[in-house]
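Peer 1: Submitted below is the structure of interest, expressed as structure tokens.
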Amino acid sequence: MKKKLSILFSTLLLCFYQTSFSQNNSNLEANEFKTLHYYTFEGTASQDKINELEVSLLKIEFVSEVKVRYKSEKNSGQIVMVVKEKTINQEGDKSFSPTSIKQVILSSGLIPGEYTTGKYTNN
């Protein structure tokens, strides 16, 4: 009887441990998903301009994270964004528009380049 009780207790403890420390998208609702968006750009930019660009990009709807990588020796950079969207279920539902990224790049006095998307993994 004690052996069965200890096995049951160990199993419950293991289940609790695994669910409490597993990495998943638990902060996402069932109809939400995250995607990565990459946009390259060219032009001369100071660190202040790069910081302003990040702040402006964070203001775009659905954007949850932004990182701007800039190489001054090449006068070019890349924007990496995490976008959190909801599945479109009905007409009128909003979705993320990459043209908003291009508008922010242009308003910063930089030249937009190539745009790509990627799969978001929670590592």
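Peer 1: Which ordering of 106, 36 is given by a fewest-first count of other beta-carbon atoms within 10 Å?
Peer 2: 106, 36
Peer 1: Further question: Just want to confirm a number: the relative contact order over the stretch 26-119, from Cα pairs under 8 angstrom separated by 6+ residues, in percent.
Peer 2: It comes to 43 percent, rounded to a whole number.
Peer 1: Please report how many Lys pairs in the stretch 26-119 have alpha carbons closer than 14 angstrom, counting only residues at least 8 apart along the chain or sitting on separate chains.
Peer 2: Total qualifying Lys-Lys pairs in the stretch 26-119 comes to 11.
Peer 1: Kindly write out, for the stretch 34-41 in residue order, the coupling ³J(HN,Hα) from the Karplus curve 6.51 cos²θ - 1.76 cosθ + 1.60 (θ = phi - 60°), rounded to whole Hz, with x marking Gly and Pro.
Peer 2: Per-residue couplings from phi come out as 10, 9, 9, 10, 10, 9, 8, 8 Hz.
No value in this document is a laboratory result; all are computed from the given coordinates. It should be emphasised that the depicted structure is a prediction, and the values quoted were computed from it without experimental measurement. Cβ sites come from the backbone with ideal geometry, for glycine too, and all protein chains shown count toward neighbours.
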